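Heads up: the structure comes next, in C-alpha cells.
Only the coordinates and a few stated rules stand behind these numbers; no lab work does. Please read all numbers here as calculations on a predicted model, not as lab measurements.
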C-alpha cells in the first residue's frame, strides 16, 4: 500500500488514498465472486448429495484459491523496495 504513495505530492495523497481504497473494495468483491463461481461449477459437476464427493468440490476450490494467491505474489515481489539508511 505504501508504494502507491511514492513520488506523489502532498496534494495528490488524498486522491491516491481514495483510489487505493476503491481498488481494495473492487478487488475483494471480484475475488470472492470468482471463488464462488469456481465452487458453484465444481458443485454442479458432481451433482451428488454424498458428503465425500461434495468435499472434493471444496478441495478443488481451495486449490484454486491457493493457486490464485500464489499468482498474486508474483507482482508483489516485483514492487519497489524502500532502501533504509542505517544508523
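Numbers for the structure displayed
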| read-out | value |
| --- | --- |
| Angle in degrees between helix 13-46 and the longest Cα principal axis of the chain, rounded to the nearest 10 | 10 |
| Relative contact order, percent, the chain [alpha-carbon distance under 8 Å, six or more residues apart] | 25 |
| The chain pair-distance distribution - Cα-Cα, 10 Å bins, rounded % | 14, 29, 25, 17, 11, 4, 0 |
| Crossing angle, helix 51-77 versus the chain [Cα axis fit, 0-90 degrees, rounded to tens] | 20 |
